[in-house]
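I have placed the structure first, in the form of structure tokens, so that the comments after it can refer back to it.
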Amino acid sequence: DMLLETLEAMVNVRYPHKTYLCDEGNDPYLIEKCKELGVIHSYRGLDKTNAKAGNVNYCLQNHADGEIVVVLDPDHVPSPDFLDRVLPYFKDEEVGYVQCIQAYHNRNESFIAKGAAEQTYHFYGPMMMSMNTYGTAQAIGANCSFRRAALDSIGGHMPGLSEDMHTAMRLHAAGWESIYVPEALTRGQVPETLSGYYKQQLKWSRGSFDLLFNVVPKIVKGLTWRQIIHYVTIPLFFLSGLIGLIDISVPIISLHPREMRRSTNGN
């Protein structure tokens, strides 16, 4: 139901376009639904190399022929004016991709979902606005629109646990510019359980640190100094929990009973 809702919404986006489903399972039911909706079904066979990036690249190489490519996750339902709000930024031929907000329709389903959503809104608010100002707006795995020529210039979507960040840094290193649109043009789902949230954060943190140590040193010459600072420091976000633990521990240690007695006697 979730996937069909997204496909129907994609078809109903007003600006003329083609809709593709990159189906790793080659599901007969989805094949039939794609025929009914006029969606082009893409299946790359048993080769699952590079996971999501490989799946998208197969569709780009064998089906898609447009100048602009929009990547949406199965749970992110676009609004009818999605392309109308995004495409104008590509009038600047130096823009390689345009990213918009990730918003969520299930944020009130649980306490975990609400907390996870609020955490991302901090990222999509002041953090992404600052990145946009300094030319380092981050590409996210969903709701991102790419210039096909930009993707082709780096060999398509980059692989990895954080394939979106990998693709963004390669595009920046190749000289392409990025734009952030602070509008909620899609609604997706955020983890509703603690285990789901931990799995998501672990994947992102592992992917970010892998890029920091294995990719950034190779492309650093193509980055501006602001982009270097960005890609070196952004993985450190996942150490914020350690900083929080220190912040909590300091006043507790300071209020040790012995210190409290000394304070009381002094008064």
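What to note about this one:
- Qualifying residues in segment 37-77 (those that are surrounded by fewer than 18 Cβ atoms within 10 Å (Cβ to Cβ) and among the polar types (S, T, N, Q)) - the one farthest from Arg147 (Cα to Cα): Thr49
- Single match in Phe123, Phe209 (criterion: open to solvent by 20 Å² or more (accessible area, probe 1.4 Å), closer than 20 Å to His76 by Cβ, at pLDDT below 95 and not acidic (Asp, Glu)): Phe123
- For segment 59-79, filtering for residues that are touching a Leu at 6+ places or on another chain (Cβ under 7 Å) and assigned to a strand (DSSP E or B) leaves 3.
- Some residue of segment 93-109 being in a helix (DSSP H, G or I) and modelled with pLDDT of 90 or more: no
- The residues of segment 167-200 that are among the β-branched types (Val, Ile, Thr), part of a strand (DSSP E or B) and open to solvent by less than 20 Å² (accessible area, probe 1.4 Å), listed by number, are Val181, Thr186.
- Qualifying residues in segment 141-166 (those that are of a type in the set (D, E, K, R) and crowded, with 20+ Cβ neighbours inside 10 Å) - the one farthest from Glu67 (Cα to Cα): Glu163
- Answer residue from segment 126-140, given it is open to solvent by 20 Å² or more (accessible area, probe 1.4 Å) and among the small types (Gly, Ala, Ser) and is farthest from Trp225 (Cα to Cα) among those: Ser130
- Hey, Lys18 more than 22 Å from Glu163 (Cβ to Cβ) and part of a helix (DSSP H, G or I) or not: no
- Filter result (outside any helix (DSSP H, G or I) and loosely packed, with under 15 Cβ neighbours inside 10 Å) within segment 25-36: Gly25, Asn26
- Looking across segment 126-155, the residues that are without any contact (Cβ under 8 Å) to a residue 12 or more places away in the chain and either touching a Leu at 6+ places or on another chain (Cβ under 6 Å) or assigned to a helix (DSSP H, G or I) (or both) come down to Pro126, Met127, Ser130, Thr133, Asp152.
The values are calculated or read from the model by the stated rules, or taken from the named source; none is laboratory data. If you're wondering where the values come from, they're calculated on a predicted model, not measured in any experiment. As a convention, Cβ positions derive from the backbone with ideal geometry for all residues, glycine included, and neighbour counts pool all protein chains shown. Areas reflect the complete protein model, heavy atoms only, side chains present, ligands, DNA and RNA absent. Shrake-Rupley method; radii C 1.70, N 1.55, O 1.52, S 1.80 Å.
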